[in-house]
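First up is the structure itself, then whatever we jot down about it.
The values are calculated or read from the model by the stated rules, or taken from the named source; none is laboratory data. Quick caveat, the model's predicted, so the values are computed rather than measured. Positions of Cβ are backbone-derived with ideal geometry, glycine not excepted, and every protein chain shown enters the neighbour counts.
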Amino acid sequence: MIVKGKRSVGGYRFKNFEGEFGRGITEIPHPDEVIIPLMQGYGNEVPPLVKRDEHVSAGQIIGRDDDTVSTPVHSSINGKVTGFKKIRYTDNDINAVVIKSDGTSDKTAAHKESDWTTLSNEEIEKRLYTSGVTALGRSGIPTRYRSSVIETSDVEHIIIHGIDDGVYRTSTSMLLEDGSMKKLIEGIKILNRIMPKAGIHVTVDKSIMNVATQMDAALQDASWFNLYPMEARYPQGLDEVIIPILLKREYPYGYIPAHIGISTLNVRDIQFIYEAVVQNKPLIECLIALCGPGFENNQWVRVRVGTSLQVIEESVKANKSVRLITGTLLTGVPLTDMSLPVERSWGSIAAIPEETGSGFFSFAAPGFKKDSYTRTFASSFLNFKKTVDTNLHGEERSCIFCGYCEDVCPVGIIPHLIYRNVERGKIEDFLVSYKIFNCIGCNLCTYVCPSKIRVSSYISEGKRKLKDIGFDESTVILPNFKLKGLAAIEVTDKGASK
Amino acid sequence: MKNLGIKYDRLVKIGLLKHFKIITNTIEGIVFGTAEVTRGAPHFVDHIEIKRFMSAAIVALVPSAAAAIYYFGLRAVEMILVSYIAGGIVEVLFALVRKKEIEEGFLVTGLIFPLVLPPSIPLWVVAVGVMFGTIFGKEIFGGTGRNIFNPALVGRLFITIGFPEIMTTAWRVPLTDAITTATPLVVYKSSQTIPDYLSLLIGTTAGSMGETFRIGIILGGLFLMFTRVSNWRIPISYLLSVLLFSWIGSSFLPAKIAPPLFQLLSGGLLFGAMFMATDPVTSPYTKPGKFIFGIMAGFFTVLIRAFSGFTEGVMFSIVLMNGFTPLIDHIVISIKYRPEKYER
């Protein structure tokens, strides 16, 4: 059923940037060596099941723990375990298994499509779990194997993000790939089979209404299915913003959606659900969108899990100093160590130029290709592809109360008010009344600031310091909600890797 | 372009220039932009910067400034230059003493100030006014972003009270050299006659340099609102409030209170509402606060114009409301974010 999606408060629409990708998927050849992190996507780190010098084959489970909230990890190539090492993406060390290829291909074992409707629920959940797909999504996909903090019966709603509202539109492009529509529809039916009580809600970009009507036609008998054609408006792709809009429920800020019985996924995850259940294929190849002007070609690549980033770096344009980022340009994590491996939950890598110059009298230029929340640049009236780079585009100045941060804030905070208090060291309980804990870290306030103040960093600093005087999510947000699965919360929420 | 940058770098490192790092930094910022990149997320940020923000305000003032030059000749150019130079010196001195960057906000103050002055005012008064306004309206509070009152209005207030005879006799009929003491508001106060609205719109009546060409002010104001540099809430509520209160007032006291449309198109109301009340630093940042600010400023404007010894109420009402701004914001915030009790 097509339902009209309402617009969130605040937000900002990113439109028409250079480095938007084209069609087609390129295979990246098998690497000689892979590094398989024992924690990928949602869940705890799993203990390794293999020893040094042991021979492993592609798709073999090399780490699994059914007692904690986790999902198994697999070897992605045929080869021999040569050792173990610690790797670090952001803050925490993760153990990883190093596997050297024996040069044989696993392509001979082609994955046959089978009729999934004859499978039992138990078999479907087993395939989802053992293929590694349950680690996808903000809070994993619940199965009978403790792959999420909640049970399948706890799930009231499943939200599938079909819109990417950031600078690059990966999901929208995924929907337009050949054959992806069939996989999406079947994947949605599979989810409905294992979680029959849950309503399934799919958002889709208004600009591709034909895709929306096609999807709606295929599922028109399903009373549990809702489709929301919406404008791609950042940060509506974040669970904290979309859940109140679609389901009219309050969101427990600072917690994952699973705690209120909601599972969130994106369209790329559904492709993997289809492949896992119908083709019985383990998630050892990830599908990554290369976006941004720093890449030679902006396209999807199919790459083995554990391949080092060097392989990705090779497709970066020569003579260009770029910053590689996984996730969105506004919230993503910069990748500085090129020896780190690619992991299965990544959906996109962006390469944007490290621009240290901004041109002669750039503040007075008409700005045909400069994006801005204000309408002071010619780009607001003309439709050129806009540039993307890391330059600050101006010097840091004092706050002039322009109010842009308040206008774009999707959760009703006045960011500059919190910034000023935190900056002056006033960490008191009134910050809690100012709803500092509602902040979802979308970073839009920092994006729009004409004074180039890192507003969102001050807000998170304020949250950190409030902890010292006894305020955090568990004292401020938690008492207002009845959350599910909190007992199983030994899992760390990796909010950034959506 | 790179070579020029290197040559410039050398110039900065040797010789006298190194003692004036703040000034050279400012020039560098204007010419070359910033070399800084984002640290962590967000990796990509908006292209708006304060220089652009303030430039947009100056662009919006161009029609008024051009009309001032057309109506009052070279005199207008001299006044603008004096204002920029005198105020600029104060701004740079304060930046040097404080060892802080020169803030761009002055570019707007320096242009607004001469535009709200009578055209025949001596140049030294312009200099005194702009210096007083910059020092006591802004710098003593800690510079841009911390001031309570609009610096241009503080300067004008000072010379209005300090040099009353100059401020009441320095009016001129546009396009002539005839000195007059009668702006349309003064004329109304003494004889209740209203000039035709067209002359008010195109600016052929007496008044401050930049406030008479009202079509240009409206266009500039709309430009600012459209580009989001100024917020529409204050000017719209201010103007509507003046219309409302003068409509109510003139139906009861027609001898004292001028009719709504004349109020709207006379004196500094449009200029003040579009360019001065909208100063984001000195007006409330909360949205309900902006409406309260506009409505109260409109009320005071009508009140002061009708019942005080001064004919012009816009300057006083905006300065008065500037003083109320922190209180308005405080009340709105305490209602919006009611303190709740949390267990620690």
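Looking at segment B:91-121, which of its residues are over 19 Å from residue B:30 (Cβ atoms) and touching a residue at least 24 places away in the same chain (Cβ under 8 Å)?
B:98, B:99, B:112, B:113, B:114, B:115, B:116, B:117, B:118, B:119, B:120, B:121
Going through segment A:427-483 one residue at a time, which ones are assigned to a helix (DSSP H, G or I), at the interface with chain B (Cβ under 7 Å from one of its Cβ atoms) and either at pLDDT 90 or above or surrounded by fewer than 19 Cβ atoms within 10 Å (Cβ to Cβ) (or both)?
Once the filter is applied, which keeps residues that are assigned to a helix (DSSP H, G or I), at the interface with chain B (Cβ under 7 Å from one of its Cβ atoms) and either at pLDDT 90 or above or surrounded by fewer than 19 Cβ atoms within 10 Å (Cβ to Cβ) (or both), segment A:427-483 yields A:430, A:432, A:433, A:446, A:447, A:448, A:475.
Does residue B:43 satisfy being within 12 Å of chain A (Cβ to nearest Cβ), within 19 Å of residue A:377 (Cβ to Cβ), at pLDDT 65 or above and crowded, with 21+ Cβ neighbours inside 10 Å?
No: the conditions fail for residue B:43.
If the requirement is being surrounded by fewer than 17 Cβ atoms within 10 Å (Cβ to Cβ), polar (S, T, N, Q) and free of Cβ contacts under 8 Å to residues at least 12 places away in the same chain, which of these qualifies: A:319, A:297?
None of the other options fit; the residue is A:319.
(1) touching a strand residue (DSSP E or B) at 6+ places or on another chain (Cβ under 9 Å); (2) surrounded by fewer than 22 Cβ atoms within 10 Å (Cβ to Cβ): which one isn't true of residue A:171, the others all being true?
Among (1) touching a strand residue (DSSP E or B) at 6+ places or on another chain (Cβ under 9 Å); (2) surrounded by fewer than 22 Cβ atoms within 10 Å (Cβ to Cβ), the lone unmet condition for residue A:171 is (2).
When segment B:303-344 is examined, which residues are found to be of a type in the set (Gly, Ala, Ser), assigned to a helix (DSSP H, G or I) and under 23 Å from the mean Cα position of the chain (by Cα)?
B:317, B:323
Conditions (1) at pLDDT 90 or above; (2) closer than 21 Å to residue A:272 by Cβ; (3) not charged (D, E, K, R), marked per residue:
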position: A:234; (1), (2), (3): no, no, yes
position: A:244; (1), (2), (3): yes, no, yes
position: A:253; (1), (2), (3): yes, no, yes
position: A:262; (1), (2), (3): yes, yes, yes
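Among the residues of segment B:59-82, which ones are touching a helix residue (DSSP H, G or I) at 6+ places or on another chain (Cβ under 6 Å) and within 14 Å of chain A (Cβ to nearest Cβ)?
B:60
When you look at residue A:303, is it modelled with pLDDT of 90 or more, among the aliphatic types (A, V, I, L, M) and either out of contact with any Phe, Trp or Tyr (no Cβ under 8 Å at 6 or more places or on another chain) or crowded, with 20+ Cβ neighbours inside 10 Å (or both), yes or no?
yes
Output the residue which, of all residues in segment A:374-385 that are buried (at least 22 other Cβ atoms within 10 Å of the Cβ) and in contact with an Asp or Glu (Cβ under 9 Å, 6 or more places away or on another chain), is nearest to residue B:58 (Cα to Cα).
The extreme case among them is A:377.
Assuming residue B:311 fulfils every condition listed in (1) of a type in the set (Val, Ile, Thr); (2) closer than 27 Å to residue B:223 by Cα; (3) surrounded by fewer than 24 Cβ atoms within 10 Å (Cβ to Cβ) apart from one, which condition is it?
(2)
Filter segment B:100-111 for residues that are out of contact with any Gly (no Cβ under 8 Å at 6 or more places or on another chain) and assigned to a helix (DSSP H, G or I); which is farthest from residue B:272 (Cα to Cα)?
B:107
Checking residue B:297 against (1) of a type in the set (Gly, Ala, Ser); (2) under 30 Å from residue B:55 (Cβ atoms); (3) surrounded by fewer than 24 Cβ atoms within 10 Å (Cβ to Cβ), which single condition isn't satisfied?
Residue B:297 satisfies every listed condition except (3).
Name the residue that is modelled with the lowest pLDDT, counting only residues in segment A:175-211 that are of a type in the set (Gly, Ala, Ser) and surrounded by 19 or more Cβ atoms within 10 Å (Cβ to Cβ).
Only one residue tops the list, namely A:180.
Has segment A:102-118 got any residue that is surrounded by 12 or more Cβ atoms within 10 Å (Cβ to Cβ), touching a residue at least 12 places away in the same chain (Cβ under 8 Å) and touching a strand residue (DSSP E or B) at 6+ places or on another chain (Cβ under 9 Å)?
Scanning segment A:102-118 turns up at least one residue that is surrounded by 12 or more Cβ atoms within 10 Å (Cβ to Cβ), touching a residue at least 12 places away in the same chain (Cβ under 8 Å) and touching a strand residue (DSSP E or B) at 6+ places or on another chain (Cβ under 9 Å).
Which of the following residues is away from chain B (no Cβ under 14 Å) and without any contact (Cβ under 8 Å) to a residue 12 or more places away in the chain: A:285, A:314, A:275?
A:314
Tell me which residues, restricted to segment A:322-337, are buried (at least 20 other Cβ atoms within 10 Å of the Cβ) and either of a type in the set (Ser, Thr, Tyr) or part of a loop (DSSP other than H, G, I, E, B) (or both).
A:326, A:327, A:328, A:329, A:330, A:331, A:332
Which of the residues belonging to segment A:32-61 are assigned to a loop (DSSP other than H, G, I, E, B) and buried (at least 21 other Cβ atoms within 10 Å of the Cβ)?
A:38, A:39, A:40, A:41, A:42, A:43, A:46, A:58, A:59
Of all residues in segment A:212-261 being of a type in the set (Asp, Glu) and crowded, with 18+ Cβ neighbours inside 10 Å, which is nearest to residue A:182 (Cα to Cα)?
My answer is A:216.
Mind listing whichever residues of segment A:343-389 are outside any loop (DSSP other than H, G, I, E, B), within 7 Å of another protein chain (Cβ to nearest Cβ) and modelled with pLDDT under 90? Break it down into steps so the answer makes sense when it comes.
From segment A:343-389, those outside any loop (DSSP other than H, G, I, E, B) are A:348-353, A:362-364, A:378-380, A:386; that's our starting set.
Subset that is within 7 Å of another protein chain (Cβ to nearest Cβ): A:352, A:362-364.
A:362, A:363, A:364, listed by residue number.
Can you name the residue in segment A:390-408 that is more than 7 Å from every other protein chain (Cβ to nearest Cβ) and not β-branched (Val, Ile, Thr) and is also surrounded by the fewest Cβ atoms within 10 Å (Cβ to Cβ) among such residues?
A:396
Can you name the residue in segment A:119-159 that is among the polar types (S, T, N, Q), at pLDDT below 90 and crowded, with 17+ Cβ neighbours inside 10 Å and, of all such residues, is nearest to residue A:240 (Cα to Cα)?
Top of the filtered list is A:139.
Okay, residues lined up against (1) modelled with pLDDT under 90; (2) small (Gly, Ala, Ser); (3) in a loop (DSSP other than H, G, I, E, B):
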| residue | (1), (2), (3) |
| --- | --- |
| A:67 | yes, no, yes |
| A:80 | no, no, no |
| A:96 | no, yes, no |
| A:110 | yes, yes, yes |
| A:114 | yes, yes, yes |
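If a residue counts only when it is under 30 Å from residue A:474 (Cα atoms) and within 16 Å of the chain's Cα centre (by Cα), which strands (runs of 3 or more DSSP E) contained entirely in segment A:202-305 have at least 3 such residues?
A:262-266
I'd like to check which helices (runs of 4 or more DSSP H) are fully inside segment B:122-233 and have at least 2 residues that are in contact with a Phe, Trp or Tyr (Cβ under 6 Å, 6 or more places away or on another chain), without any contact (Cβ under 8 Å) to a residue 40 or more places away in the chain and not β-branched (Val, Ile, Thr). Steps first, please.
Working: elements: B:123-137, B:151-162, B:164-169, B:184-191, B:197-202, B:214-226.
Here the list reads B:123-137.
Going through segment B:157-203 one residue at a time, which ones are on the phi > 0 side of the Ramachandran plot and in contact with a Lys or Arg (Cβ under 7 Å, 6 or more places away or on another chain)?
The one that is on the phi > 0 side of the Ramachandran plot and in contact with a Lys or Arg (Cβ under 7 Å, 6 or more places away or on another chain): B:203.
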